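Here the structure is laid out as structure tokens; the discussion comes afterwards.
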Amino acid sequence: MKEIYWNSESSMMLCEELDDGNVFRFCDLPRSLIIHLDRKIEVDYPDEHETLCNWRGTGNEYAYARVYQFCACNFSAKDGYPDIDDDMNFITEKVSCPVRHTCKFKICNPQLSTKLSARQIEIISLYT
């Protein structure tokens, strides 16, 4: 499981492996992981992925920019809770963003694309 957060100066995003405590600069994550996370965003959050493609670019050469922006908008502080689980699913959190209500891109607090009913999602959220 991974936790994504900003360093104390808010100048660099970090990714911590919660299992072993290893911390990596986001920019040093393996390209294969970035591509995989980009695909997860595309499948699980198609509207947000489309917005990211329009904003940051399409194609694998822009995957890092899309994943970075998605993470920057949905993860912020080191809280000890996983942001990406072992199956590479995102566990988004509310972040304090100075442009949250004025940002034209709307990728914060994304809605998971699912065929589950609203009630099923509500019940599942009680267990997470």
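The values are calculated or read from the model by the stated rules, or taken from the named source; none is laboratory data. Computed from a predicted model, the values in this text were never measured in an experiment. Here the Cβ is made from the backbone with ideal geometry for all residues, glycine too, and neighbour counts use every protein chain on show.
Details
- Residues of the stretch 16-33 that are part of a helix (DSSP H, G or I) and of a type outside the set (F, W, Y): C27, D28, R31, S32, L33.
- Listed by first and then second residue, the pairs linking a residue in the stretch 50-79 that is surrounded by fewer than 17 Cβ atoms within 10 Å (Cβ to Cβ) to a residue that is not acidic (D, E), with Cβ atoms under 6 Å apart and 6 or more places separating them unless they lie on different chains, are W55/F105; Y62/R56; A65/R56; A77/Y5; K78/Y5.
- Some residue of the stretch 112-120 being assigned to a loop (DSSP other than H, G, I, E, B), at pLDDT 70 or above and either out of contact with any Asp or Glu (no Cβ under 9 Å at 6 or more places or on another chain) or surrounded by fewer than 12 Cβ atoms within 10 Å (Cβ to Cβ) (or both): no
- Filter pass, N89 being out of contact with any strand residue (DSSP E or B) (no Cβ under 6 Å at 6 or more places or on another chain), surrounded by fewer than 17 Cβ atoms within 10 Å (Cβ to Cβ) and without any contact (Cβ under 8 Å) to a residue 12 or more places away in the chain: no
- Within the stretch 81-92, the presence of a residue that is β-branched (V, I, T) and out of contact with any Phe, Trp or Tyr (no Cβ under 8 Å at 6 or more places or on another chain) is excluded.
- Among the residues listed as I35, I91, I84, the single one being under 12 Å from the mean Cα position of the chain (by Cα), at pLDDT 90 or above and either among the aliphatic types (A, V, I, L, M) or farther than 21 Å from P110 by Cα (or both): I84
- For Y64, the conditions (1) over 16 Å from I84 (Cβ atoms); (2) modelled with pLDDT of 95 or more are fulfilled apart from (1).
- Pick from the stretch 1-49, criterion of a type in the set (V, I, T) and touching an Asp or Glu at 6+ places or on another chain (Cβ under 8 Å), ranking: surrounded by the fewest Cβ atoms within 10 Å (Cβ to Cβ): V23
- When the stretch 71-81 is limited to residues that are at pLDDT 80 or above and in a loop (DSSP other than H, G, I, E, B), the one that is nearest to M1 (Cα to Cα) turns out to be Y81.
- Considering residues of the stretch 34-70 that are touching a strand residue (DSSP E or B) at 6+ places or on another chain (Cβ under 9 Å) and in a helix (DSSP H, G or I) only, the residue farthest from Y5 (Cα to Cα): D44
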